[in-house]
Amino acid sequence: MTTHRTSKRRLAAGTAVVLAAMLTATACGGNDKDEKSSASAGFNAGIGKIANASDKKGGELKFVGTQEADSWDPQRGYYGFMWDFARYYTRQLVSYKAAPGEQSTDLVPDLATAKAEISDGGKTYKYTLKDNVTWEDGTPVTAQDVKYGIERTWAQDVISGGPVYLMQVLDPKTEYPGPYKDTAPDKLGLKAIETPDAKTIVFHLPQPNGDFEQMLAMPAASPVKQEKDTAAKYGLKPFSNGPYKIDSYEPNKSMKLSRNENWKPESDTIRKALPDSVSVTFMANADDMDKRLMNGEFDVDINATGIGQAARATALKDHKDNLDNGQTGFIRYAVMPTTVAPFDNVECRRAVIYGADHKSLQTARGGPQAGGDIAPNMLPAGIKGADTKYDPYEVLKNDGKPNVEKAKAALKACGKESGFKTTIAVRNNKPVEIATAVSLQNALKQIGIEADVDQFDGAQTSGIIGSPKVVKEKGYGIIIMGWGADFPTGQGFSQPLVDGRFILQSGNNNFSELNDPAINTLFDQAIAETDPVKAGEIYKQMNQKVSEAAVYLPFVYDKTITWRSSRLTNAYTSDAYNGRYDYASLGVTK
């Protein structure tokens with residue numbers, strides 16, 4: 001489930017690349033000592049395998065970035081890079097496997113001794129906590145700490161901004177007021193979670209949800225020690241139960257972390273904890289950041305936005321061995337609101353899909369390396385049910401070129417043989433999106449569709465294109481956007497985009513306003529299915545129905561060119577963390 005809040009990470013300043021990036025390379029084993037799984041540094045050495053595998057401890061791992069986190073509070077953070085980084089100081093009942101590529105999307109126990117004991121037809125999830133899981137003050141992490149941390153999500157008036165899946169799944173009517181208004185003496189009044197003792201936690205779902213453990217793997221399900229909770233200020237110094245603790249933090253400037261001496265490595269099979277310290281430096285200028293990365297001053301871009309255009313040619317020519325070119329799990333696309341004429345007619349929508357120059361759109365995004373692979377449908381690789389070769393509009397078959405004949409036939413079928421006028425809406429703070437809008441405008445002109453490009457204020461996205469009323473008033477027939485999953489399933493990726501029950505009056509993400517009862521029913525069936533493979537088959541059908549509706553014109557499965565310093569060890573891109581390096585596994589040579 002999702003609300004308008006889920007858009008915050010996805011739409012953020014170009015850094016909000018999200019979960020579930022799926023890489024084209026085949027995943028190899030995650031054992032450092034297996035020769036096949038490791039690789040010396042080289043181009044794409046960190047994709048599907050481990051670059052510079054090592055168990056050596058020590059040194060300072062130096063992150064740099066141009067974008068601050070929305071919050072470092074585990075219940076408030078919604079930027080993808082924050083979710084990856086937060087594992088230095090937070091743990092969850094279950095988390096993602098520390099392994100390259102697609103293997104990383106497997107859920108494994110973290111604070112819990114095993115994955116959930118599921119009963120009651122998928123409505124009850126029971127966990128037992130491991131021994132030796134401790135806070136930075138040496139006290140044990142309890143089931144009550146986990147429950148309290150999760151309860152904080154309900155306090156939307158105090159700590160808003162984070163994902164609200166757990167709230168929607170455990171308490172769909174939002175009857176619990178949150179811990180700050182909780183009248184129970186222990187502030188643990190949420191009825192859907194039981195903690196019979198310090199080691200046992202039981203979740204009771206009103207309805208089964210096959211993705212519930214995916215939601216528990218988010219930082220939002222991290223424990224919080226009640227006496228250390230500073231409410232709205234908690235993001236300034238979260239109390240650690242991971243391998244590192246935060247020593248100092250100056251927003252928009254820097255953060256320093258050192259080892260949490262009370263973390264017990266034997267209780268944590270996920271985090272390697274190799275560096276002695278971890279630092280983050282924030283700077284305003286992205287080109288300057290790229291230069292300083294290439295100079296060796298820093299090890300990795302925390303935001304993982306990729307080497308910018310100014311430095312790209314130099315990086316590819318002189319530093320190719322330091323680069324990985326992987327997919328991010330994002331799709332870049334155009335969407336056609338069905339409420340804006342003539343896009344209330346499916347044939348007019350098909351004319352746009354056939355008439356687009358997909359090769360030119362790919363070039364506008366940055367080409368095959370910096371832009372991504374041409375996307376023939378709306379489900380990225382690695383989400384179960386995805387088939388990146390499913391090509392309903394023969395985009396790949398036609399090598400990305402416009403299919404003018406089919407476009408003109410569709411125009412005739414929609415009663416607009418000589419074309420029509422429309423408006424393309426695009427964010428004014430996204431140069432590559434503006435470039436794709438111009439590409440589309442030029443291609444549509446060839447088939448008689450005259451499209452004006454309207455650049456709107458990118459900071460006002462949720463109130464402009466996120467308002468169906470405004471979209472209709474402005475006559476936005478085509479909207480340029482991008483999207484990635486919160487967790488790697490059809491629910492985590494597609495539901496906010498195509499389920500008709502998710503059309504919101506503000507902060508809407510179903511811009512097409514597609515409301516097909518057959519698609520909505522497929523979501524219900526897939527979500528109730530606890531077998532991920534069977535759920536994937538249902539999402540495959542859903543994706544085909546979305547293609548048939550012709551409301552989306554996908555451009556590319558997004559890719560970036562990411563810098564990996566020569567000092568980095570254990571560097572590999574993780575599908576679970578959208579093509580970023582698995583931060584908790586990284587080390588450095590001294």
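Summary table
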| item | result |
| --- | --- |
| Whichever residue in region 347-364 is in contact with a Pro (Cβ under 6 Å, 6 or more places away or on another chain) and over 10 Å from Phe555 (Cα atoms) and, among such residues, is surrounded by the most Cβ atoms within 10 Å (Cβ to Cβ) | Gly355 |
| Residue under evaluation Gly367, criteria (1) free of Cβ contacts under 8 Å to residues at least 40 places away in the same chain; (2) over 19 Å from Gln544 (Cβ atoms); (3) open to solvent by 40 Å² or more (accessible area, probe 1.4 Å), criterion not met | (3) |
| Given (1) among the acidic types (Asp, Glu); (2) open to solvent by 20 Å² or more (accessible area, probe 1.4 Å); (3) not in a helix (DSSP H, G or I), number of the condition Glu548 does not satisfy | (3) |
| Where Ser506 falls short, out of the listed (1) in contact with a His (Cβ under 7 Å, 6 or more places away or on another chain); (2) more than 23 Å from Leu166 (Cβ to Cβ); (3) among the small types (Gly, Ala, Ser) | (2) |
| Selection from region 378-393 of residues that are on the phi > 0 side of the Ramachandran plot and open to solvent by 60 Å² or more (accessible area, probe 1.4 Å) | none |
| When residues of region 460-473 are limited to those that are in contact with a strand residue (DSSP E or B) (Cβ under 7 Å, 6 or more places away or on another chain) and outside any loop (DSSP other than H, G, I, E, B), the one modelled with the highest pLDDT | Ile464 |
| Region 421-457, residues that are touching an Asp or Glu at 6+ places or on another chain (Cβ under 6 Å) and under 18 Å from Pro402 (Cα atoms) | Ala443 |
| Scope region 228-271; condition among the hydroxyl-bearing types (Ser, Thr, Tyr) and over 25 Å from Asn132 (Cα atoms); matching residues | Thr230, Ser248, Tyr249, Ser254 |
| Residue in region 440-461 that is among the polar types (S, T, N, Q), in contact with a Lys or Arg (Cβ under 8 Å, 6 or more places away or on another chain) and open to solvent by 40 Å² or more (accessible area, probe 1.4 Å) present | yes |
| Search result, residues across region 497-545 that are among the hydrophobic types (A, V, I, L, M, F, W, C), open to solvent by 50 Å² or more (accessible area, probe 1.4 Å), within 20 Å of Asn377 (Cβ to Cβ) and more than 22 Å from the chain's Cα centre (by Cα) | none |
| Evaluation of Gln144 against (1) in a loop (DSSP other than H, G, I, E, B); (2) touching an Asp or Glu at 6+ places or on another chain (Cβ under 8 Å) (one fails), failing number | (1) |
| Search result, residues across region 331-344 that are assigned to a strand (DSSP E or B) and within 21 Å of Asn398 (Cβ to Cβ) | Ile331, Arg332, Tyr333, Ala334 |
| Enumeration of residues in region 570-590 that are polar (S, T, N, Q) and either in a loop (DSSP other than H, G, I, E, B) or open to solvent by 10 Å² or more (accessible area, probe 1.4 Å) (or both) | Asn570, Asn578, Thr589 |
| Pairs where the first residue, in region 152-166, is under 13 Å from Ser222 (Cα atoms) and the second is among the aromatic types (Phe, Trp, Tyr) and buried (at least 16 other Cβ atoms within 10 Å of the Cβ), C-beta under 7 Å, 6+ apart | Gly162/Tyr78; Pro163/Tyr78 |
| Members of region 267-286 that are out of contact with any Gly (no Cβ under 9 Å at 6 or more places or on another chain), among the β-branched types (Val, Ile, Thr) and open to solvent by less than 60 Å² (accessible area, probe 1.4 Å) | Ile270, Val278 |
| Matching entry among Ile527, Ile519 (being more than 20 Å from Val346 (Cβ to Cβ), of a type in the set (A, V, I, L, M) and in contact with a helix residue (DSSP H, G or I) (Cβ under 6 Å, 6 or more places away or on another chain)) | Ile527 |
| Residue pairs meeting the criteria (Cβ under 7 Å; at least 6 apart or on separate chains; first open to solvent by less than 40 Å² (accessible area, probe 1.4 Å) and charged (D, E, K, R), in region 103-115; second modelled with pLDDT of 95 or more and part of a loop (DSSP other than H, G, I, E, B)) | Asp110/Arg91; Asp110/Gln92; Asp110/Leu93; Asp110/Ile270 |
| Residue match in region 192-209 (condition: open to solvent by 30 Å² or more (accessible area, probe 1.4 Å), farther than 30 Å from Val533 by Cβ and among the hydrophobic types (A, V, I, L, M, F, W, C)) | yes |
| Filtered residue count, region 287-330, keeping only those that are part of a helix (DSSP H, G or I) and open to solvent by 50 Å² or more (accessible area, probe 1.4 Å) | 13 |
| Residue under evaluation Ala485, criteria (1) free of Cβ contacts under 8 Å to residues at least 60 places away in the same chain; (2) farther than 20 Å from Cys348 by Cβ; (3) open to solvent by less than 10 Å² (accessible area, probe 1.4 Å), criterion not met | (1) |
| Region 57-102 - residue that is of a type in the set (Lys, Arg) and over 24 Å from Gly46 (Cβ atoms) and, of those, surrounded by the fewest Cβ atoms within 10 Å (Cβ to Cβ) | Arg76 |
| Search result, residues across region 54-81 that are hydroxyl-bearing (Ser, Thr, Tyr) and within 19 Å of Ser248 (Cβ to Cβ) | Ser71 |
| All positions within region 348-406 that are among the β-branched types (Val, Ile, Thr) and in contact with a Ser or Thr (Cβ under 7 Å, 6 or more places away or on another chain) | Ile383 |
| Residue that is farthest from Tyr78 (Cα to Cα), among those in region 474-508 that are outside any helix (DSSP H, G or I) and aliphatic (A, V, I, L, M) | Ile478 |
| Residues located in region 551-561, provided they are more than 22 Å from Pro337 (Cα to Cα) and either without any contact (Cβ under 8 Å) to a residue 40 or more places away in the chain or buried (at least 24 other Cβ atoms within 10 Å of the Cβ) (or both) | Asp558, Lys559, Thr560 |
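The values are calculated or read from the model by the stated rules, or taken from the named source; none is laboratory data. All values derive from a computational prediction rather than experimental measurement. Cβ: placed from backbone, ideal geometry, glycine included. Neighbour counts: every protein chain shown. The protein model used for the area step is the full one, side chains on, heavy atoms only, and it has no ligands, DNA or RNA in it. Shrake-Rupley method; radii C 1.70, N 1.55, O 1.52, S 1.80 Å.
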